[in-house]
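Please read the structure below before turning to the comments.
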Amino acid sequence: LSIGLVLIGWGILGIFVGQFVTKAIMLATRIVIHRSISMQYELPSLRSSFRSKGPMLPMMKQGFWIAVDKNVGNLFPQGFLFVMSFFTSAAVVGFAQLAYKIGSLPSTFILPQLARMSTTVLPALRAQGADALRRNCALLLKHALLIHTAASMASLVVIPFFILVFYGSAFSAAITPALWIVIIRIISALNLVNQPLFRLFKKAHLPALWN
């Protein structure tokens, strides 16, 4: 919608109007969906939720550390590239940024989906006992590592041709660091269940402080 308004001449105002209309439509849609789901599953209404006198501090504390963890994680590689810009040329920083983006593609396509699944599945498995949780965590890690490793190995073959075809030989210096980033990020699959488990056991501050 924003792009369409800009193309018909609304300019910068069209971007804000498009964003506002989109958010308003999504808000109305979510209210309707929430009402239908709350009636089906006997969930509390929004009004009763706001009137609830239950303790909010533990949830706010947990949410605070989750927000810190996510935002600190977003500082990489931007923070690294910013510091790098003080010690080298803009061209080298550009090569490093391109290498990181392309080298991170395998984990970007696969791991976020698996992480979202583990966030919803692991709390349900906890109700089945510690043994079931431990067993399924091991299975999830094993399959995630195998799938991610296979995708990474395939990308090692594709990435050099991808950079040469879409960026040209002038960017060939980014090929080697991109391949190293692919190899290094293979082990990131082992961290797949860490954050869901830390949140499940109310230890969300640990990954935030570690980052």
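The values are calculated or read from the model by the stated rules, or taken from the named source; none is laboratory data. Given the structure is predicted, the values throughout are model-derived calculations rather than measurements. Virtual Cβ from ideal backbone geometry, glycine too; neighbours counted across all protein chains shown. Please note that ligands, DNA and RNA were not included when accessible areas were found on the heavy atoms of the full protein model with its side chains. Shrake-Rupley method; radii C 1.70, N 1.55, O 1.52, S 1.80 Å.
From the list Phe50, Phe95, Phe64, the lone residue that is in a helix (DSSP H, G or I), aromatic (Phe, Trp, Tyr) and more than 27 Å from the chain's Cα centre (by Cα) is Phe50. Exactly one residue out of Gly73, Gly9, Gly18 is open to solvent by less than 50 Å² (accessible area, probe 1.4 Å), part of a helix (DSSP H, G or I) and modelled with pLDDT of 75 or more: that is Gly18. Quick check: is even one residue across region 41-56 of a type in the set (Gly, Ala, Ser), open to solvent by less than 50 Å² (accessible area, probe 1.4 Å) and in contact with a helix residue (DSSP H, G or I) (Cβ under 7 Å, 6 or more places away or on another chain)? No, the conditions are met nowhere in region 41-56. Any idea which residue in region 92-129 is most open to solvent (accessible area, probe 1.4 Å), counting only those that are basic (Lys, Arg) and free of Cβ contacts under 8 Å to residues at least 40 places away in the same chain? Filtering region 92-129 for residues that are basic (Lys, Arg) and free of Cβ contacts under 8 Å to residues at least 40 places away in the same chain, the one most open to solvent (accessible area, probe 1.4 Å) comes out as Arg116.
Go through region 177-202 and report how many residues are without any contact (Cβ under 8 Å) to a residue 24 or more places away in the chain, more than 16 Å from Ile110 (Cβ to Cβ) and surrounded by 13 or more Cβ atoms within 10 Å (Cβ to Cβ). Count: 2.
Being without any contact (Cβ under 8 Å) to a residue 40 or more places away in the chain and open to solvent by 30 Å² or more (accessible area, probe 1.4 Å): is that true of Ala132 here? Against the criterion (without any contact (Cβ under 8 Å) to a residue 40 or more places away in the chain and open to solvent by 30 Å² or more (accessible area, probe 1.4 Å)), Ala132 does not qualify. From Ala138, Ala189, grab the single residue that is closer than 30 Å to Gly94 by Cα, among the small types (Gly, Ala, Ser) and part of a helix (DSSP H, G or I). So the residue among Ala138, Ala189 that is closer than 30 Å to Gly94 by Cα, among the small types (Gly, Ala, Ser) and part of a helix (DSSP H, G or I) is Ala189.
Suppose the filter is modelled with pLDDT of 85 or more and open to solvent by less than 50 Å² (accessible area, probe 1.4 Å); does Pro160 pass it? Criteria met by Pro160.
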